[in-house]
Amino acid sequence: MIKLRDRLPVRSFTRQYSSYRSYKPYLSEDFNNRCGYCDDFDGWVGGERTYHIDHFAPKSKFSSLENEYSNLVYACPFCNRFKSNDWPSDDHTVSFIDNKGYIDPCDERYEAHFYRDTYGNIRPNNELAEYMRKKLQLFLSRHRIIWNLTRIKIELDRIKPLLDKHKHDDEKFNRIKDIYFQLSMEFQDYLNYLLGEKLKNG
Ligand SMILES: [Zn+2]
C-alpha cells in the first residue's frame, strides 16, 4: 500500500504574529510546500502565492484562533474552499464526532486514514476518511496527476546522471535511455492533463 504523504508536516514555527497572513512563508516550509490535506506540491501550480492558509477550526466559528499558528494549515485552493467553515461541533478541540469531521493534517493519525492506490488516487481507510474525501473532493483527478508529476520528476532526476555514468556501455546506456524516454512521455501526458484542466477551469 502506498502512503498518502512521504513526509509529515510539523508546525515548528514559534513566533507570534498579529495577522495569520504573516505566517505564510513559515507555514509553507513547515508543510514542505504541500497541501496538508491532499499533499499536492505547490510547485506545479504556481507556488506559494497560489496556495491558501486554512484555519483548521474555522475562524468564522472560533475567532480567537484566527491568528493561532497551531490552528493553521497550508492548503491548496481546492481543499481550502471545499472545507470552508465545515466543523462538527461547538468546541474547537472536537474536530470529529462519530464519522463526521476532520483530522488535523499534522496529527500522526492523519496518515492512517488514507492511502494511495497504484494510480495515485487518494483512498479512504475508514468512514471518517470517507467523509473528508467527499467534503474536500480528494477524489479529483488533479490530486492523482500532481502526485504522479512529483513522483516521475523525482525518478527522472535520479535516472538522468546514470546516462552519463554509463555512456561507454551501450547496452546499459540504451536500457536507461529507454526508461528515461518512457518516463518523459508519461510526464508529458500528466503535464498536458494538468494544463488542460487548468485551461478549462480558467
Ligand atoms: Zn489540497
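The values are calculated or read from the model by the stated rules, or taken from the named source; none is laboratory data. Since the structure is predicted, the reported quantities are computational estimates derived from the model, not experimental observations. Backbone-built Cβ (ideal geometry, glycine too); neighbour counts: all protein chains shown.
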May I ask you to list pairs of residues, at least six apart or on different chains, whose Cβ atoms are under 7 Å apart, with the first in the range 1-25 being over 15 Å from residue 108 (Cβ atoms) and the second being part of a loop (DSSP other than H, G, I, E, B) and among the aromatic types (Phe, Trp, Tyr)? 23/13; 23/17
Give 91, 107, 86, 39 a once-over and let me know the one that is in a loop (DSSP other than H, G, I, E, B), within 17 Å of the chain's Cα centre (by Cα) and surrounded by fewer than 18 Cβ atoms within 10 Å (Cβ to Cβ). 107
Considering residues that are within 15 Å of the ligand (Cβ to nearest atom) and of a type outside the set (Ser, Thr, Tyr), the number found within the range 39-98 is 27
Test residue 148 against the stated conditions and say whether it is crowded, with 17+ Cβ neighbours inside 10 Å, in the same structural domain as residue 190 (by TED's automatic domain parsing) and closer than 30 Å to residue 190 by Cβ. yes
On the given criteria, is residue 171 among the charged types (D, E, K, R), over 21 Å from residue 40 (Cα atoms) and modelled with pLDDT of 95 or more? yes
